[in-house]
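Visitor: Sending over a structure as structure tokens; questions will come in a sec.
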């Protein structure tokens, strides 16, 4: 826990970006990469990359760079992707469907393991190999499948109620696409993924 | 520009979250809010909120808190939301459709003003009040409508090419849902919004 408090969220948000780029390098058989190369390709200051990675260990060799395979392995460990991470999706509307279908492309042991919706018309219908289940089965399924992360693609009005139910069932991290803030206890993490917030922070950089 | 370099991206990402909560307070006719209240509702340390806001000006009154209307107005100015911000969406697949339909709910002068797809079958079809246009019309439309932000909901393989075209046409900020890194010049900003990266950074916090 002490480690978590020292590492800023900004760093944790950059690690998946590094991982994706490094995985790409693996695919094209590049074995070594410098922070300069990474920085140029990822639009991140090379000094920032070195600092971010140094917070977790001594991965680079001065004048040579990073061993790609070694760094991939370590970032996957830092992000706890060495075991399968199961995710529940709540809300099988347009956005929920789009994200579920994207399930097949998820990498690094990340997998949507159950989908829920409050609409009885949707129950039993198949999305990306999973049957949409009623909300009443949510708590039991989350516990049975040992799911720790949730994606909420539901209307803002339902967000807090569903969020409370998810946390009660044992969810520790929520990716919230609902355009509303939700209250969670200290040991639960929320990332806001709604499009408006994302665009608003981009607008800041417009001159 | 000097201002931009001093303010960290983490702060800029929190401002829309503050704005959304403050707008909610306006709706329910709350006129004053303390950093404690904000912190409790947004799961952000109150000291962090005070620090974030103090970077832009002297908004709070000790022992009283923030004037909600005044703070909303100022955050909207900081985020450059006082004029309409037009957004182009590229890729009218499942995710693109879901986001376009969400257009109606966008607030604070943020609006999708054009939608493009490479599939001729989709051209002319209406999504959220806009006709899907061919990629060939993209540059001209972006310039004619003075669009500065883009949402990319396209496959990873097409991301760099489309990104280059967008930048050539004058786009300065890209919300990238494609699960791949893209290279952009220094004066263009990219936010990565793909679900896998978001979930991976959440996984970090699992104990």
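The values are calculated or read from the model by the stated rules, or taken from the named source; none is laboratory data. Computed from a predicted structure; not experimentally measured. No Cβ is skipped: glycine too gets one built from the backbone with ideal geometry, and neighbour counts run over all protein chains shown.
Visitor: Could you list, in sequence order, all residues of segment A:190-204 that are crowded, with 21+ Cβ neighbours inside 10 Å and within 13 Å of residue B:41 (Cα to Cα)?
Guide: The answer is none; no residue qualifies.
Visitor: Now for a different question. Can you tell me which of (1) buried (at least 20 other Cβ atoms within 10 Å of the Cβ); (2) in contact with a helix residue (DSSP H, G or I) (Cβ under 8 Å, 6 or more places away or on another chain); (3) modelled with pLDDT of 95 or more is the one residue B:135 doesn't meet?
Guide: Unmet condition: (1).
Visitor: To continue, here is another question. How about segment B:181-207: which of its residues are within 7 Å of chain A (Cβ to nearest Cβ), in a loop (DSSP other than H, G, I, E, B) and under 19 Å from residue A:195 (Cβ atoms)?
Guide: Once the filter is applied, which keeps residues that are within 7 Å of chain A (Cβ to nearest Cβ), in a loop (DSSP other than H, G, I, E, B) and under 19 Å from residue A:195 (Cβ atoms), segment B:181-207 yields only B:193.
Visitor: Sticking with this structure for a sec: Check A:168, A:121 and return the single one that is within 26 Å of residue A:80 (Cβ to Cβ), more than 20 Å from the chain's Cα centre (by Cα) and not assigned by TED's automatic domain parsing to the domain that holds residue A:13.
Guide: On the way: A:121 fails: within 26 Å of residue A:80 (Cβ to Cβ).
Every option except A:168 fails the conditions.
Visitor: From A:115, A:142, A:174, A:167, which residue is outside any helix (DSSP H, G or I) and either more than 10 Å from chain B (Cβ to nearest Cβ) or surrounded by fewer than 21 Cβ atoms within 10 Å (Cβ to Cβ) (or both)?
Guide: Checking each option against the conditions leaves just A:115.
Visitor: Of everything in segment B:70-104, what is assigned to a loop (DSSP other than H, G, I, E, B), surrounded by fewer than 20 Cβ atoms within 10 Å (Cβ to Cβ) and either under 15 Å from the mean Cα position of the chain (by Cα) or assigned by TED's automatic domain parsing to the domain that holds residue B:54 (or both)? Give them in sequence order.
Guide: From segment B:70-104, those assigned to a loop (DSSP other than H, G, I, E, B) are B:79-84, B:91-93; that's our starting set.
Narrowing the set further to residues that are surrounded by fewer than 20 Cβ atoms within 10 Å (Cβ to Cβ) leaves B:80, B:82-84, B:93.
Matches in segment B:70-104: B:80, B:82, B:83, B:84.
Visitor: From the list B:52, B:67, exactly one residue is out of contact with any helix residue (DSSP H, G or I) (no Cβ under 9 Å at 6 or more places or on another chain), modelled with pLDDT of 90 or more and surrounded by 13 or more Cβ atoms within 10 Å (Cβ to Cβ). Which is it? Reasoning before the result, please.
Guide: Working: B:52 fails: out of contact with any helix residue (DSSP H, G or I) (no Cβ under 9 Å at 6 or more places or on another chain).
So the residue among B:52, B:67 that is out of contact with any helix residue (DSSP H, G or I) (no Cβ under 9 Å at 6 or more places or on another chain), modelled with pLDDT of 90 or more and surrounded by 13 or more Cβ atoms within 10 Å (Cβ to Cβ) is B:67.
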